[in-house]
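What follows is a single structure, written as structure tokens, with notes after it.
Just so it is clear, none of the values below were taken in a lab; they were calculated from the coordinates. Since the model is a prediction, treat every value here as computed from it, not as a measurement. When we count neighbours, we look across all protein chains shown, and the Cβ atoms used for this are built from the backbone with ideal geometry, even at glycine.
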Amino acid sequence: MKICIYGAGAIGGYLGARLADAGADVTLIARGPHLAAMKSVGLRLRTGSEEIVTRPRCTDNPAEVGPQDYVIITLKAHSVPGVVGDMQPLLGSDTSVVTAVNGVPWWYFHNLAGDYTNARLSAVDPGDVQWNGIGPERAIGCIVYPACEITEPGVITHIEGNKFTLGEPSGEKTDRILSLSKTMIEAGFKAPVRPRIRDELWVKLWGNLCFNPISALTHATLDVVATDETSRAIARTMMLEAQAIGEKLGVNFPVDVDKRINGAAAIGPHKTSMLQDLELGRPMEIDALVTAVQEMGRMVGLKTPTIDTVLGLVQQRGRQAGCYE
């Protein structure tokens with residue numbers, strides 16, 4: 001089994017190190033000082049007091065690698081359309097593409113029963129670049145739960161979590177997804193295969209779509225956003241607007257909104273990814289986490305006044321900081 005991790009940053013590096021340590025044939029696509037360090041001294045993974053050093057194949061040129069059985073994309077959502085062309089040498093006739101990316105995936109409506117089968121989402125796939133260049137039939141969904149950091153070039157520090165939930169857009173337990181799950185489990189991950197991957201996707205998205213932009217606007221940590229009376233009320237209203245959209249599309253929400261918010265508060269003084277990106281001057285994942293939900297609301301005929309307001313404000317904040325186009 002040949003596996004390519006496309007975008008071997010913190011999460012991709014964590015995946016790649018564990019897979020390589022378990023003996024998988026894995027290639028990492030990366031760039032810059034991180035790539036240089038991995039090629040010269042190896043990829044180091046630190047978990048608590050443990051450190052492993054692996055030497056997976058590393059490159060910035062997919063053409064050197066050739067067709068893969070699985071390509072696991074661990075880039076941020078807004079970066080993916082720009083590399084679809086570069087990715088082509090990795091895509092053979094039977095290659096599966098695993099979208100380990102935050103937010104609403106571009107393939108969301110592929111094999112979704114109902115009125116919106118094969119609908120497209122311009123917020124996450126402008127011009128249908130991924131739909132046409134990768135192909136929805138290749139897609140496997142993946143919900144990412146671990147927290148990791150690149151603490152120096154070539155060094156990944158694993159903070160917590162080892163779960164990557166997998167699911168076919170059709171809900172089937174295909175040979176390809178069961179084989180991938182088995183390989184990931186053998187590498188030390190939890191990799192359950194779910195028949196309703198979109199339900200689990202929405203539970204994570206439910207919090208990200210409100211906590212991330214509110215934290216970017218207020219610079220408050222997650223515990224404050226979830227417990228301050230004003231920000232909690234705004235987040236709750238955004239989540240209820242989103243829940244109505246998800247339910248229109250057939251999603252089952254296994255927890256209620258207040259339990260979901262309380263769970264976020266319990267995480268403590270954590271900076272959301274959007275706030276971290278803003279502080280570092282990096283592009284923020286606004287479209288995959290928020291704009292796509294607004295687009296889906298319009299698709300199903302539901303108004304989203306609070307989502308619209310917060311989205312407009314965080315887009316403006318991002319433009320002013322040079323973190324959103």
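Some observations on this one:
- Taking the centroid of alpha carbons for each part, region 26-59 and region 258-325 are 31 Å apart.
- Order by protection proxy (mean Cβ within 10 Å, highest first), peptides 58-69, 8-19, 208-219: 8-19, 208-219, 58-69
- Within the chain: Cβ-based charge dipole about Cα centre, in debye rounded to nearest 20 (Lys, Arg +1; Asp, Glu -1): 180 debye
- Extension reserve of the residue 116-residue 319 stretch, reckoned as 0.36 nm per residue once the Cα distance is removed: 69.9 nm
- For the chain, adding -39500 (n - 2.57) for each run of n ≥ 4 DSSP H residues and dividing by the number of residues yields -13000 deg cm²/dmol at 222 nm.
- Relative exposure of 286, 234, 307, judged by other C-beta atoms within 10 Å (fewest first): 234, 307, 286
- Ignoring lysines fewer than eight residues from residue 76 along the same chain, the ones with Cα atoms less than 24 angstrom from its Cα are 2, 39, 163, 190, 204, 271.
- Amide H contacts of residue 72 (H built 1.01 Å from N, in plane; Pro and chain starts excluded): 4, 5, 6, 98 sit under 5 Å, all sequence-distant by 5 or more or on other chains.
- Sparse-neighbour loop sites [GluC sites (Glu not before Pro); region 165-259; at most 14 other C-beta within 10 Å; DSSP]: 172
- Simple spin-label estimate for residue 199 and residue 94 in nanometres, 7 Å along Cα-Cβ: 3.2 nm
- Here the Karplus relation 6.51 cos²θ - 1.76 cosθ + 1.60, evaluated at θ = phi - 60°, turns the backbone of region 4-21 into coupling constants of 10, 9, 9, x, 7, x, 5, 5, x, x, 4, 4, x, 5, 5, 5, 5, 5 Hz, with x for every Gly and Pro.
- Straight-distance crosslink candidates among lysines, where the alpha carbon sits under 16 Å from residue 173 and sequence neighbours closer than 8 are dropped: 182
- Taking other C-beta atoms within 10 Å as the exposure proxy, 221, 230, 99 rank 230, 221, 99 from fewest upward.
- Charged side chains reduced to their Cβ positions (Lys and Arg at +1, Asp and Glu at -1) give region 2-195 a dipole of some 260 debye around its Cα centre.
- DSSP-defined antiparallel bridges as percent of all bridges, the chain, nearest 5: 35 percent
- According to the calculation over all Cα-Cα pairs in region 126-170, the P(r) per 5 Å bin from zero is 5, 18, 14, 14, 14, 15, 16, 3 %.
- Other residues whose C-beta falls under 11 angstrom from the C-beta of residue 77 contribute a net charge of -2, scoring Lys and Arg +1 and Asp and Glu -1.
- Sequence-ordered 3J(HN,Hα) estimates for region 72-83 from the Karplus curve with 6.51, -1.76 and 1.60 and θ = phi - 60° stand at 9, 8, 10, 6, 6, 3, 5, 8, 5, x, x, 10 Hz, glycine and proline given as x.
- Exposure proxy ranking for 194, 31, 282, 260, based on other Cβ atoms within 10 angstrom of each Cβ and starting from the fewest, stands as 31, 282, 194, 260.
- For region 190-285, alpha-carbon Rg over 2.2 N^0.38 Å: 1.11
- Debye log10 I(q)/I(0) for the chain, one point scatterer per Cα, at q = 0.06, 0.10 Å⁻¹: -0.19, -0.56
- Length released on extending from residue 179 to residue 279, taking residue separation times 0.36 nm less the Cα-Cα span: 32.0 nm
- Phi-derived couplings, Karplus 6.51 cos²θ - 1.76 cosθ + 1.60 at θ = phi - 60°, listed residue by residue for region 259-270: 5, 5, 5, 4, x, 5, 4, 5, 5, x, x, 9 Hz, with x used for Gly and Pro.
- P(r) histogram, all alpha-carbon pairs of region 10-68 included - 5 Å bins from 0, percent: 4, 20, 30, 27, 14, 4, 2, 0
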